1. Report whether or not residue A:781 is at positive phi and at pLDDT below 85.
2. Counting only residues that are charged (D, E, K, R) and farther than 28 Å from residue A:412 by Cβ, give me the strands (runs of 3 or more DSSP E) lying completely in segment A:172-271 with at least 2 of them.
3. Does at least one position in segment A:56-78 carry a residue that is within 14 Å of another protein chain (Cβ to nearest Cβ), of a type outside the set (A, V, I, L, M) and over 30 Å from residue A:393 (Cβ atoms)?
4. Please specify each residue of segment A:400-430 satisfying the condition of being of a type in the set (Gly, Ala, Ser) and more than 20 Å from residue A:731 (Cβ to Cβ).
5. Can you tell me which residue in segment A:592-625 is surrounded by the fewest Cβ atoms within 10 Å (Cβ to Cβ), limited to those that are modelled with pLDDT of 90 or more and among the small types (Gly, Ala, Ser)?
6. Starting from segment B:77-96, keep only residues that are within 14 Å of another protein chain (Cβ to nearest Cβ), then list their pairs with residues that are among the small types (Gly, Ala, Ser) and surrounded by 14 or more Cβ atoms within 10 Å (Cβ to Cβ) whose Cβ atoms are within a distance under 6 Å, requiring at least 6 positions of separation or different chains.
7. Which one of these is assigned by TED's automatic domain parsing to the domain that holds residue A:625, under 33 Å from the mean Cα position of the chain (by Cα) and at pLDDT below 85: A:691, A:665?
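The values are calculated or read from the model by the stated rules, or taken from the named source; none is laboratory data. Just so it is clear, the structure is predicted and the values come from calculations on it, not from any experiment. Here Cβ is always computed from backbone atoms with ideal geometry, including for glycine, and neighbour counts include all displayed protein chains.
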Amino acid sequence: MEEQLEKELRFHLDQHVNELIARGDAPDLAQRNARLALGGPEQVKENCRDARGTRWLEDLFQDFRYALRTLRQRPGFAAVAILTLALGSGATTIMFTVINGVLLKPLAYPEADQLVTLHGKTEKYGEQWGFSYPEFHDYQSTSRTLRSVAAWTYGGGTVTKPGEAEYLFGRHISSGLFAVLGVPLVAGRAFLPQEDQPGAAPVAVLGYGLWQRRFGGSPETIGQQIVVDGKPYTIVGIAPAELRLDGEADIYTPLGQSTEPRMQNRGAFFIHVLGRLQPNVTLAQAQTELSVIARQLATQYPEDNQGRDMLAHPLSQEVVGDVRPTLWLLLGAVSLVLLIACVNVASLLLARAVSRRRELAMRVALGASRGRLVRQCLTESSVLGISGGALGILLTFVGIHPFVSLWPGSLPRAEDVQLDWRVLLFALGVSLLSSFLFGLAPALRAPRELERSLRGGARSLVGNTRRLHSGFVVAEVALAVVLLVSAGILGRTLLRLSSLDPGFNTQKVLSAHVALSPAVLHSPAKARAAWEDILDRARRFPGVQSVALADVVPMRVGEASVGYWATPVQPPPDHTPLALTSIVTPDYLSVMGIALRRGRFLNEQDRIGHEIVVVIDDNLAQHAFAGSDPVGKPLWLQGMASNPTKIVGVVAHVRHWGLAGDDQSRVRDQIYVSFCQLPDPLVPFLSSVMSITVRTNISPLNVVEPLRRELRGPGGDQTLYDVHTMDDLARASLDRQRFLLWLFGIFAGLALLLACIGIYGVLTYLTNQRVPEIALRMALGASTGNVMRLVLGQSFGTIVVGIGAGIFGAVAAGRLLQHLVYGTRHADLSTLAIMIPILLAAALFASLIPARRASQVDPISALRQE
Amino acid sequence: MAPPKTDLPQGTLDLLILKVVALGPVHGYAIAQRLEQVSRGVVQVPEGSLYPALHRLENRNLLAADWKETETGREAKFYRLTGKGRKQLSTEAASWQRLIDAIALILGMADGGAR
């Protein structure tokens, strides 16, 4: 290509020379004239190349090398810009990595978008995940849009052989579960349909973690026996490590083998159901069919299924839970920080573009087009942006795992949060986008001003960019205000929620699940004796003040609600109010330190054979008996329809759902029933879920291990698990708010820092340009104080405008937070009254130094330079 | 005495080149010569603009180029008109003619009407 161009031009030149010689010019004169006529060959060649339009790649390289050179000349500027961008883009990339892992990546199962989870829905209770076992079979056999349906529920037990006694978290699963999910087992096989029946030989599939821990990952494990709750199971398979059914499980057993009475109960909703769609069926189609089946069931079994509709959701939604809005909220907040960083760098670049005007003017004179200059500026900003982005990726790599581990509770799919190509692509995209953002203003501005600047002096140039710089400051301040006020809202929320009365004394109380020895679980009498023994031993233990049993502990996962009514006539099912029912021993009141309002709590006299009594809380008393004294009155509980219980006392309400969530929860009435009054058939089931609560004189944590050993029981196989102090549980119920406050606090701090740096930079630059004017003023009699006031006043004006704009944004943000975070209230005046002055003070402080420097200008030397 | 040079209005250079090439395949130097000859010295194309224009037209597929031998035995790049170029030429020539007629009418009007 180049050769041809060279040849063509040479031909032309030679022709022209020949012609001139033929006309009579001397050879060298002819050469000279011919060359003059053609013009500079390089110029011609370049124009030809431009006309062909293939130059852009070479141009890009040239621009790139040039950009690197200029940035190396100003390392300080480059460093500041790159660091600022790295902070902004790094934080944003970390958030995106989390979002990518949790929300965007499909689940680890093959064709995971075909997997659905089913939920029931009633008017009264809303959406629920629970199905009954007969219901599951109905859906499995009748649904045509679902290729296969499987079920699972929680199970578990104490393993005694091989190895030490330990409580295992397990799942009861239907035989088709592994097939539905499509995950191959690590070893062995899944359950066969004939093993999923009552009376079949007990078999189990081990969880991957348990296999590694207890069996050393040995392939010989298949065929061995494991004894759980006294029953031997033959191990037939090992589950894959990534299988998650609401968390990891240690052991899987066939659901169909369970002989519990609730398996036949159509009204017992305790099973999770999931399924796989037929290959060409959409979720909507499946949803329609399921609603039809639900209606059929409702007419067939009105007592249990009336009004119960069916919803199908993608499985990923169930796994992710309610963390989605929080993640997007955080991404939004971190984007604001990135935006501030971009604005900072934009103003830096603009200031530099103006100071480089001579250099740019020369390039224009040498023939660069305006488009070329814009491209050059954008290339330079891209270099900055990509460097910042690369550093940001490094930050992400270092910071992502600490971030995930700090997440309150556990982040769903935390194991999927990793840097992959999508994250890198995102980081690249963000870098380029922000380069564009902050590079555009100077790129467009500077060349346009060039001609004017070549004629006029520097002042006209600065004057036009001053408005842009002020605009930058306003934007930065506004964004900082939004983040600061959001942090303030969260802070106040946390303060308010922390001061809420939990309803009981959280200090120095332990709670732990107790797994009875499998030997006693099946006999109600033995179980009761075991519990008595446990209570005795614990009571006598040094450091323990009082001990009680409870099946449901406040602020911990787990609840049991039961319908109740206070009149002899049972109200229709959707009008029956619900209450949280706790089955406790009499000492519960003193262990938890709940205030007694009226009457008495349960006591030793309340046993089997005596009248069944209950104690209710304030809320229930208010709802059912508004005003009148409930003590002595009857209360009917669902499941005991014919015989009412007698209310013997009223206690204070306990914030069972946690400090943050209790006020908005649906079920707030509470009932306490005595453990000793439980009928025999219920004892084994309840015994498997009972917990012990212990009030100690000394620090509870010192008591845990000794108590654990003490309570091993005669067979050495009674175990404690899920041990927590009530203090921890109460604190944990505010974990999310606290975490968000931390993050928003960091974001707000970053934003404030960046905004102040921006203000400082802009003001320094502008006052430098105004030195002649200031010198003139001083020569005419202005004092240093006047000058300072002048500069500060200008700065103050911009900042106030920024704050004004920011307040609108902050109010909107406050409303958003109210939606997304439990317990938050909107931004009110007091929050603003605290946050705004902080911003104002910081901004004015940032303005102080440039103002002082301006006031120290020596008027004479400054004027001389002009 | 050389007649005063007239600056070419923008965009007309392309049109003129197309016309010259329409008469037969020709190399760049010959185009410049032809333009000067036919216009009796009025149109003198700055050679620095000629070649970029040629390349531009080639890029737009209005001209096609081959390397051929001239009478003197040297190799030169000869341009010829493509079908697309032919169409472009007639369109542009027509609108140019319309413009000239319009301007002539207006100028005639300023003169006093009779033309």
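1. Values: at positive phi: yes; at pLDDT below 85: yes.
It is true that residue A:781 is at positive phi and at pLDDT below 85.
2. Working: elements: A:203-206, A:225-228, A:231-238, A:251-254.
Fully inside segment A:172-271 and qualifying: nothing.
3. no
4. The first filter runs over segment A:400-430 and keeps only residues of a type in the set (Gly, Ala, Ser), leaving A:405, A:409-410, A:414, A:427, A:429.
A:414, A:427, A:429, listed by residue number.
5. For segment A:592-625, the residue satisfying everything is A:595.
6. Taking only residues 6 or more apart or on different chains, the pairs are B:77/B:65; B:79/B:65.
7. Values: A:691 fails: at pLDDT below 85.
That would be A:665, the only listed residue that is assigned by TED's automatic domain parsing to the domain that holds residue A:625, under 33 Å from the mean Cα position of the chain (by Cα) and at pLDDT below 85.
Every residue, every condition in (1) surrounded by fewer than 17 Cβ atoms within 10 Å (Cβ to Cβ); (2) among the acidic types (Asp, Glu); (3) touching a residue at least 40 places away in the same chain (Cβ under 8 Å), yes or no:
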{"site": "A:114", "(1), (2), (3)": "no, no, yes"}
{"site": "A:117", "(1), (2), (3)": "no, no, yes"}
{"site": "A:124", "(1), (2), (3)": "yes, no, yes"}
{"site": "A:127", "(1), (2), (3)": "yes, yes, yes"}
{"site": "A:130", "(1), (2), (3)": "yes, no, yes"}
{"site": "A:141", "(1), (2), (3)": "yes, no, no"}
{"site": "A:151", "(1), (2), (3)": "no, no, yes"}
{"site": "A:157", "(1), (2), (3)": "no, no, yes"}
{"site": "A:162", "(1), (2), (3)": "yes, no, yes"}
